[in-house]
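Everything below concerns the one structure shown next.
The numbers here are math on the coordinates, done by the rules we state, and not lab data. This is a predicted model, so every value here is computed, not measured. Positions of Cβ are backbone-derived with ideal geometry, glycine not excepted, and every protein chain shown enters the neighbour counts.
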Amino acid sequence: MIRPSNSALSDAQSTAHEQLAAAWQLQIEHIQEVLAATWPEQVSRILEERLADLAARLDEERAVALNYVRREVTSKLNQAARRLRTFEGEAQWSKVFVDATQSLCERAALFTINGQRMRLQAARGFEIPEQFEDVPVASAPAFANAVESKDSIVAVRTAGELSPPIAGFLGEAADQKCALFPIVTRDRVAAVLYADGNGGSPDSDALELLATFAGLVLDTQAGVSGSKAGIVRIATPNHRAANWASLTREEQELHLKAQRFARVQVAQMKLYHAQAVKNGRTTRDLYTSLKEEIDFGRESFRNDFLTGSPTMVDYLHLELVRALANDDAELLGPRYPGPLA
């Protein structure tokens, strides 16, 4: 029996892994598209389902009070989610997010995650020191746990759990607890929300829901080629594009749809034409290997997006370079026509 060589086996595993990743990408894009279109309704539905069960267990008087709170919380979360979708930068987004926790906890602080370090970005109920150095994630076990597990964490407010700098800023209290809520995007934990009750209890369910919305907003707003630093990773377009905040809601939606189109097109190439992708990378001429697929995508992108907006960016070209050519534009080959815009 002929056994495959180690190199052939490794090559097959690599191809299979990339195809699986492409298939997963297609599923994620479909889910994101559905959520992006329906999340306002889902906010109300989730809250209604979660709180209606509790209301049923209470007497009539308390149920009336709970219904009032339910409407208030639903309204505030919807307002916060809408505000989070429009921002001019990381500082503004962070402040909006922290302000949205006003009725859900007494004090809150948002720490953005950049690589292996955390940065204090915004706070409510605390005075942010003028000089507050970034903190290594590894030095704060509770934060590290939240980042690694991508799940909410309850911790004791001690230096051993939060790190000496953070405990010093937030106030160390070994007899009190705090809650950490990771803001998860599709590929990483972008930030961690700290919340405490300063003797009371934060509304963990609502805060967790708010953090989930925040991650969804970042995903639907983020471009495939955005800055690698910071919580907000909007695509960095060419000179034709206007500032994101200056775009109308319709223009923003068109940009987001164009980004999703580009990611789906390239994922389909990697999934259904794996051998052609491999050959193109080997010969450093992906365009020749995938000419029909690339030309179809370019023509569709031109007709559906470029002609419809003067601020449009060639997101398909950016995705071809990033995901197909592994950030090496020369792999597209000498015959590749180049960006459409």
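Summary of values
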item	result
Highest to lowest packing among 153-160, 189-196, 203-210, 140-147, scored as the average C-beta count within 10 Å	189-196, 140-147, 203-210, 153-160
Interchain or long-range residues, amide H under 5 Å from ASN114's placed H	ARG119
Gained length - GLU127 relative to GLN268, 0.36 nm times residue gap less alpha-carbon distance	45.8 nm
Residues ASP151 and LYS177, FRET efficiency given R0 of 22 Å [Cβ-Cβ distance, rounded to 0.05]	0.85
Debye equation applied to the C-alpha atoms of the range 111-162, log10 I(q)/I(0) at 0.14, 0.16, 0.19, 0.22 Å⁻¹	-0.37, -0.49, -0.70, -0.92
Table column - 3J(HN,Hα) (Hz), the range 328-337, Karplus curve with 6.51, -1.76, 1.60, x for Gly and Pro	10, 4, 5, 5, 5, x, x, 8, 5, x
Value of D in µm² per second that Stokes-Einstein yields for the range 235-332, Kirkwood Rh from Cα pairs, at 25 °C (0.890 mPa s)	176 µm²/s
